[in-house]
Amino acid sequence: MSPEEWERILLNATGRVKEAISGIERRRDRGRVLGIGASGDKTIYADKQAEVELLKTLEKVEGVRVLSEEAGSLGDPRAHTLLVVDPLDGSSNFEKGIPYYCTSVAVVEGGTMEDVSVGVVRDLVSGDVYAATRGGGARKNGRTIRTSRTSDLSAAVVGIDLSRSNASQVARLAPLIGVVMRQVHFGANALELCYLAEGRIDAFVDIRGTIRITDFAAAYLIACEAGGKITGDDGRELEPGFDLAHRLSFVASANPSLHRKLLGLCRGSAAGRG
């Protein structure tokens, strides 16, 4: 199947999720806990409904397997094409009534991040759609997007996820927090990487080692195709396992110049202060 055909399928699937979630947002039981998902996190009613709507479309496609944050691995384990799905990224925001959450789907044709061929992230509040195809650039609602040109740390707005960080992780990021113009965190990592892709923020750092590939795969492609640079916090290329057991740390930047400075700070190097 061509990347363009995949993108159309994912746009349809995530559109179904938007419709389903719209009907749940104002319900008192929107955060009702149903149990524990395959990822080990609690599954709320909205998570499950989002997944049901995605799978209604994705399971009709022959020759694929699906890795979903809620249901785990589905379909033919021998299939070459893997769909990496987070039905509702930002569940805690949804549960609290904070309007910032999304759905994310990536098409993977191999075992590395370079094999992510199509990514779609839909903002479930605004309906905005971020999409990318490998080598084809990144788009928001069909229009090309690019990362910012900010290279000065003192002018940079940086997303930093410190949720459940330990003391050493917080201390490691203290120099960065003290240098950048502003640090932010909205609570849905896939959507925040899309903000990086369109230049709303200049970087996004998460060194907790807790990010799952389902939160990351689609937005990774979108940010990279928009001109961003993403590596591990040690500067190495990411080598994730496409399973729910693997966890990631990463540094994502709008451009290579800013990336070098951020990595320097994350490593505790004086080079990062330039």
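The values are calculated or read from the model by the stated rules, or taken from the named source; none is laboratory data. From a predicted model like this one, the values you see are computed outputs, not experimental measurements. Ideal geometry is used to build each Cβ from the backbone, glycine not excepted, and the neighbour counts take in all protein chains shown.
Just a few scattered comments:
- Residue identified as under 30 Å from A79 (Cβ atoms), of a type outside the set (D, E, K, R) and either in contact with a Lys or Arg (Cβ under 9 Å, 6 or more places away or on another chain) or surrounded by 24 or more Cβ atoms within 10 Å (Cβ to Cβ) (or both) among I207, I201, I213, I230: I213
- The listed residue being under 27 Å from V85 (Cβ atoms) and either outside the structural domain of N255 (by TED's automatic domain parsing) or touching a His at 6+ places or on another chain (Cβ under 8 Å) (or both), out of R164, R200, R208, R212: R212
- Answer residue from the stretch 160-198, given it is basic (K, R) and at pLDDT below 90 and is surrounded by the most Cβ atoms within 10 Å (Cβ to Cβ) among those: R172
- Among residues of the stretch 224-241 that are without any contact (Cβ under 8 Å) to a residue 12 or more places away in the chain, none has a Cβ under 6 angstrom from a residue that is in a loop (DSSP other than H, G, I, E, B) and surrounded by 14 or more Cβ atoms within 10 Å (Cβ to Cβ) at a sequence gap of 6+ or on a separate chain.
- Scan of the stretch 30-52 for residues that are exposed (fewer than 15 other Cβ atoms within 10 Å of the Cβ) and modelled with pLDDT under 65, ordered by number: L34, G35, I36, G40
- Scan of the stretch 140-159 for residues that are surrounded by fewer than 21 Cβ atoms within 10 Å (Cβ to Cβ) and under 30 Å from E19 (Cβ atoms), ordered by number: K140, N141, G142, R143, T144
- One residue alone among G264, G227 is over 14 Å from the mean Cα position of the chain (by Cα) and either closer than 25 Å to D86 by Cβ or not in a helix (DSSP H, G or I) (or both), and that residue is G227.
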